[in-house]
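Below: the structure, in structure tokens.
Values in this text are rule-based calculations from the coordinates and carry no lab data. What you are looking at is a predicted structure, and each value in this text was computed from that prediction instead of being measured. Because the Cβ atoms are built from the backbone with ideal geometry, glycine has one as well, and the counts that use them run over all protein chains shown.
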Amino acid sequence: MVWLPNMIVVALLAGAFILFRTVRRNRFWTESIARLWRRRRFSLIIIGLYLAVALLDTISWVGGSASENASDVVAAHKPRSVIDRIFQPDSFMEISYSEPFADVGFYGEQPLAHPGKHILGTDILGQDVFYRSLKGVKIALLIGGLTTLIVIPIALIFGLAAGYFGGRVDDVVFFVMSTLASIPNLLLLIALIIVLGTGPVQVCVALGVTGWVGFCRLTRGETLKLREADYVQAAKALGASHLRIITRHIIPNLAHLIVITFALQFTGLVLAETVLAYLGIGLDGSWGQMIDQARNELSRSPVIWWNLAGATVLLFTLVLCVNLCADALRDILDPRTRKEAQ
Amino acid sequence: MFAYIVRRLAYGAVTVLGVLLLLFVLFFAIADPDDIARQAIGERASAEVYEQWKVNHGYDKPLVINAEHGVLEPGRYTDTLLFEHYRSMLTFDFGRSDADDVPIAERLRQGALPSLSLTLPLFALSLVVGVFFALLVAFFRDTYVDFAVLVMCMLAMSVASLIYIIAGQYLIGLTLKWFPISGFDADPALVIRFLALPIIIGVIASFGGDVRLYRTVFIEETNKDYVRTARAKGCGDARVMVRHVLRNALIPILTSVVLAIPFLFVGSLLFENFFGIPGLGAITVEAINGNDFSTLRTMVYISALLFIVAQILTDISYTLADPRVRLS
Amino acid sequence: MNATRRWCGLLATSVACLLVAACSNNPYPSEEQNEKIQYAAFSEAPRTLDPATAYTTSAHVITANVYDTLLEYHYLNRPYELIPGLAEALPEVEQLLDGRTVFTFRLRDGIMFQRDASFSLNDNDTDSRKVTAHDFAFQFARLADPAVNSPVFENFASITGFRAFRDLISERRQADEAFAALRIDQQYEALGGVPGIIVLNELELEIVLDQQDLQMLYWFAIPFTTPVPWEAVVYWDGEEGRERFADHPVGTGPYTLSVYDKQFRYVLERNPMWYGAMYPEWQAPGAVFPTDITQEDVEARRVNPEYAGRALPFLDRIEYRRERESIPHFNKLLQGYYDSGGVINESFDAVIDGDRLSPAMVEMGMALDQVVSPSVFYIGFNMDDPTIGRTAGEPGRLLRQAMSLVVDVEQYLEIFSNGRGVPAQSPIPPGLFGYDDAYSNTFRQVDIDRAKDLMVQAGFPGGTDPATNEPLKLTFDTGNTTAQAQLRYKYFVTAWRRLGIDVEIAATTYNKFQEKVRTGAYQIFQWGWVADYPDPENFLFLLESGSARSATGGPNTANFSNPDYDALFAQMSDRPSDDERLRLINEMIALLERERPWIELYHLEDYILRHEWVLNAKPMGLSYPVYKYRDIDAELRSESRETWNQPVRWPLYAIILLMVAATVPAIRTLYRERQ
């Protein structure tokens, strides 16, 4: 299974390249992105950093450790990512808690194996908190990204079909949507995870099942409107096939919706995972799990804050940057505000 | 008009059936009754005890088709889990909890009041606070107030709700000693003490998202023609804001908010658990931890049912108020 | 304009009202502050209070106070000593020539059940009834009844005809529908009850055991053997709005359960029908405070000598509130709203300073009790497993020995419980016969070099499995998926990694884990055991092949099966505690040291904090909380609460000021506009 994450990286990079090429050819999108860059340069750079960390944490291979240390030998037989190789978590650890940049342990004052090197201190098992927080990046992006990758195609296909063809198709899609929408999101999510079991794929599928309805409804509504638009009617009269009308005339006009929904959904999903972690059905190694583990540490005296801080700050920064970009994107892409701005 | 209502009701009923089908697939087809029985009574019981338990809790029948009955007998389809599931849920005969045999209906009755006493004030207060600040921001839009509140909202929105609860309990409950850290009481004079802290934290936690949402609605409303007309007539800014904008914007706000009301019954999983409020949310968390499937599926069903009813009522009152809707 | 002002006014007043009305952190009604009420917390309600099935500490806090037993433990004396409870005296023990043992109990005359609606089944006007020997016989029949499904069935199997009664009743119920429809007590009666439980007359009860079983006496001090009225079992059937018997205990004890809301509260109240309250002239040992008070207990403020010989109970009420999270629970303890409670890990350093209470706690008047409970926590190997188990032969044993050598339990306890707990050398905890303080298990001392040598001898040099040329892969199976537990398991995994062994944590749902245990598909697990009664037999049986999980579904989850051990166990189990028994126990421990089916971790040590106003709270250690001896100084408590809980008000004023300041520009604008 070593090849799977690497293949995903390749696929993602390829996808990004294709997207880049398509966008380059389109004046509207190049301009929009340029405006976004002007308004949210800082946020975009930070999001880029998160992406880079996640990529580095995904590219992995087996072997490569020359250490004689038995723990390292065990580790060397498992695929390790670039981040793992940088931190060497199996030897870069202490016995228990230590403060950021400390030279001695938090309890008992015994000297550390790696004094002054733990930027965010170490946790109860002596693991580097900075390393653990960085590992959370991949999981957060996985939750947000994978789920959205599940949601968007499903929602797009069903929404388009329902809106464009109407009739029976619309009835069925609408029925499924209203059924799912009438169950509170969190409850449905919990029920799904309890029955499907915990694990990255299961959690993302559960989040996807609960998440696609809103976007599907939006797509359906927009498609209904676009179907009646003059240029679609004209294309129809000229004898264009359904497929052509959908891909050439409808999807491009839905693109801005997709982008905005993606951004908004993303933050919602990442935050929702903390609640799941509290309920004990989150993902292993996620920020939610770190927060859940660390919440009781606040009552220790002296307070152990770095564990909570590491996860919270990284989570907060990511969500804030994505929120800011989503906000700007909405201003830039939304036709109503676009008109107003001009 | 009558035909519309009938159609709407029929559609609501079909949706309920759909929800039940989903629950059936999740809780009967995927989850194994033998596992549930073992979980409930332990590992070391005799086979008869397991069988008896499954009979008592209605897990003893075949899923969809009962082969013991002939093809033409109705029992072939009625003497099954699927039929039993629909029958019990539709007649509100929820049976007993898988975990401790308590009648689920009784548990719902006990949990509804604590849940409502937390969520209703929380809901009303956050609505008032949200609308108030949104109005303020819309009124002072493009000034320092607008900018400051928007930045605050954006920051507030990016913090996980868990953090609010942890920090609030620590700060207000433990350090300042304003309220009990957690707990509940049935006595109304005492209960306000327990509810104050979760309500304050809840209002703060929902502040960011609410204000931003309502602000958009208000600003959209201020851009409409009648507002310009009113201004042109010489109405003061504040007067326009309250008399016209607030009144008109409240309709979309309220309709979006009304649909959230049924979810109030379910309470808040996080708040109830952290603050020891014995509501339906806490019951749900307990059902999750104890793998109490019968309670969990009843909770899901009840909340979906309430939502569907609320939706129908909103739709019908809409139609009564605005005849144009009926045509579409 | 007016509307805005009204809105602002409404908002401000409602918030202000809320804050003023609520601004106190006392979670209890103020009028009960001077009553003799003990406040305690529970985290999860027990599944059942039926004395035949209730087997958890959370249930025993209720059942031990509601249900009286024939015998009881002396409240103060250690090692534990039995005193008569409902019985007039300790039973006569008679050894028959054929190897059977007979206990004869004589009941006190006049003991009544608590008032309860179920007694109307006899006669509409009565709400109580006298306890007779039949009520004990009824409960023993319930323990044997497969439909009741008692978890301790096996422990009573030495009673003559106990198993046969179980099989008989289950047979009759299946064969004869008319029999199955009979009332439950009539079913038992029709079969003549358990043959070994003989009701001589209303007040005399004879119990016949097939073999010598001295441990049986302890079971008469546990609510499993309490008298149960058949009326309560029949009446409280859970139908038509009536509660289940499992949620509605009906007993003879000093307290009755008057409120039982599993979601947030239960209340125990004085039972006016208790024999101690009805017949103070009896001066029954279970109804007066012991007079033999030791100086040590007085000095540690565990016992107040003034109470010697006074009639029990002292508390009027015990209030249990639910606390789902440990931190709020502990904080309320510090605020004085709970009377006593355990010290949680997180607050350990604030409360304990080295080996004693921190100065802040001493100033609050807190006292600290340290109790090692008769328990053992261990990592077990599944001995049926081909890699690490029995069939792996010598290499398997060496592997287990090596893995045992690297688990540093002292460090583990330091990290996870601030050093609380006694590192275990054998299954037997301190305070029990057979525990040897000087004994040190050679494989429970950390020695990585020796462990590495053993790995080489076992054929896994450096942890490498010669078959695959990769690190040896093992799994650690658990049904606990919480984040906190993962950390603990990870500690062990990290330790084994130092040997080059790659142990993977397989955390699944509880159901999946149980399924693995059932099918034998597990390698390493962690488990704990808390004693039912203070005897080494109750620990050593955990490794006897007769209770192997794979063969009999018993608690020997390691599936350890060793003929030598079994033979020693058989000799040891029903011997009185003499030198020969000690020799047998030592031999068994030596065998375990070599075989390593377990890596013994620690014996649980509880730190219990107790406020100054809690009197006579000597911890029992066993899962056996008795409240009838305790008392509360309610005045001192309400004074202390008052001084400790003054709210800090200035931030409230600051916030109001800030809000006013922020709205000034807005109001100015409005004002200007109006001009």
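Mean separation of Cα pairs under 8 Å and 6+ residues apart, divided by the residue count of chain C: what relative contact order is that in percent? Write down the numbers at each step before the final one.
On the way: 1194 pairs, mean separation 114.0, N = 675.
Relative contact order comes out at 17 percent.
Using a Förster radius of 22 Å, what is the FRET efficiency between B:T229 and B:V151 based on their Cβ-Cβ separation? Nearest 0.05, please. Walk me through the intermediate numbers first.
Values: r = 33 Å, r/R0 = 1.50.
That pair, B:T229 with B:V151, gives E of 0.10.
Would you compute the Debye intensity of chain B from its alpha-carbon atoms alone, equal scatterers and no solvent, and pass along log10 I(q)/I(0) at q = 0.10, 0.12 Å⁻¹ to two decimals?
So the normalised log intensities are -0.79, -1.02.
Run through the range C:114-216 and list the GluC sites (Glu not before Pro) located in a DSSP loop whose Cβ has at most 15 other Cβ atoms within 10 Å. Mind dumping the intermediate values first?
On the way: sites: C:E154, C:E171, C:E177, C:E189, C:E202, C:E204, C:E206; in loops: C:E202.
Sparse-neighbourhood loop GluC sites (Glu not before Pro): C:E202.
Using the number of other C-beta atoms within 10 angstrom as an exposure proxy, rank C:D631, C:D436, C:D213 with the fewest first.
On the way: C:D631 21, C:D436 14, C:D213 18.
In order of increasing Cβ crowding within 10 Å: C:D436, C:D213, C:D631.
In nm, what is the difference between 0.36 nm times the number of residues separating C:E44 and C:T442 and their Cα-Cα distance? Mind showing how you got there, number by number?
Values: separation 398, 0.36 × 398 = 143.28 nm, distance 4.02 nm.
Stretched fully, the C:E44-C:T442 segment lengthens by 139.3 nm.
According to a simple spin-label model (label point 7 Å from Cα along Cα-to-Cβ), what is the distance in nm between C:A164 and B:L63?
So the label points at B:L63 and C:A164 sit 4.8 nm apart.
Order of C:T226, A:T317, A:T22 from fewest to most other C-beta atoms within 10 Å?
Numbers: C:T226 26, A:T317 16, A:T22 10.
Ordered by Cβ neighbours within 10 Å, fewest first: A:T22, A:T317, C:T226.
Name the long-range amide H neighbours of C:I352: under 5 Å, sequence gap of 5 or more, or other chain; modelled H, no Pro or chain starts.
Residues meeting the amide H criterion: C:S358.
May I ask for the distance between the Cα centers of the range A:161-235 and the range B:127-157, given as a whole number of Å?
Between the Cα centres of the range A:161-235 and the range B:127-157 lies a distance of 32 Å.
Calculated FRET efficiency, B:A13 and C:L591, Cβ-Cβ r, R0 60 Å, to nearest 0.05? Can you show the working numbers first?
Values: r = 70 Å, r/R0 = 1.16.
Result of the calculation: an efficiency of 0.30.
What order do you get for B:R107, C:R173, B:R297 when you list them from fewest to most C-beta neighbours inside 10 Å? Don't skip to the end; give the middle numbers.
Working: B:R107 23, C:R173 18, B:R297 26.
The fewest-first ordering by Cβ neighbours comes to C:R173, B:R107, B:R297.
Cα centroids of the range B:2-77 and the range C:297-364: how far apart, whole angstrom?
What the calculation gives is 49 Å, centre to centre.
Where in the range A:200-244 does the amide nitrogen come within less than 12 Å of the point 7 Å from the Cα of A:L149, taken along Cα to Cβ?
Only A:201 pass the distance filter.
Could you grab the relative contact order for the range B:104-321? Cα pairs under 8 Å, six or more apart, rounded to a whole percent. Walk me through the numbers on the way to the answer.
On the way: 219 pairs, mean separation 63.6, N = 218.
Relative contact order here is 29 percent.
So, how do all the Cα-to-Cα distances of the range A:130-341 break down into 10 Å bins, in percent, from 0 on up?
P(r) over the range A:130-341, rounded to whole percents: 8, 28, 30, 20, 10, 4, 1, 0.
Note the angle between two axes, namely the Cα long axis of helix B:188-222 and the longest principal axis of the Cα atoms of chain B, as a number of degrees from 0 to 90, rounded to the nearest 10.
Taking Cα atoms only, the helix is inclined about 60 degrees.
Average the reciprocal distances over every distinct pair of alpha-carbons in the range A:215-342, invert the result, and give the Kirkwood radius in Å.
Kirkwood radius, the range A:215-342: 18.1 Å.
Report, in degrees rounded to the nearest 10, the 0 to 90 angle that the Cα long axis of helix B:47-56 makes with the longest principal axis of chain B.
50 degrees
The range C:68-127 to the range C:180-224: how many Å between their Cα centroids?
When both Cα centres are located, 12 Å separates them.
Can you give the three extents of the C-alpha atoms in chain C along their principal axes, from longest to shortest, in whole Å?
107, 79, 59 Å, listed from the longest principal axis down.
What is the distance, in nm, between label points placed 7 Å from the Cα along the Cα-to-Cβ direction at A:I18 and at C:D349?
Going from the A:I18 label point to the C:D349 one covers 5.4 nm.
Helix A:200-227 against the longest principal axis of chain A: what's the angle in degrees, Cα atoms only, rounded to the nearest 10?
Orientation of helix A:200-227: about 20 degrees from the principal axis.
How many times 2.2 N^0.38 Å is the alpha carbon radius of gyration of the protein assembly as shown? Walk me through the numbers on the way to the answer.
Working: Rg = 34.4 Å, N = 1345, 2.2 N^0.38 = 34.0 Å.
My calculation over the Cα atoms of the protein assembly as shown gives 1.01.
Treating the Cα atoms of the range A:89-165 as identical point scatterers in vacuum, please give the log10 of the normalised Debye intensity I(q)/I(0) at q = 0.15 Å⁻¹, two decimals.
Rounded to two decimals, the profile gives -0.59.
For a Förster distance of 41 Å, can you work out the FRET efficiency between the beta-carbons of C:N469 and A:A52, rounded to the nearest 0.05?
On the way: r = 36 Å, r/R0 = 0.87.
Computed FRET efficiency for C:N469 and A:A52 comes out at 0.70.
Between C:T643 and C:R115, with labels modelled 7 Å along Cα→Cβ, what's the label distance in nm to one decimal, could you check?
4.2 nm
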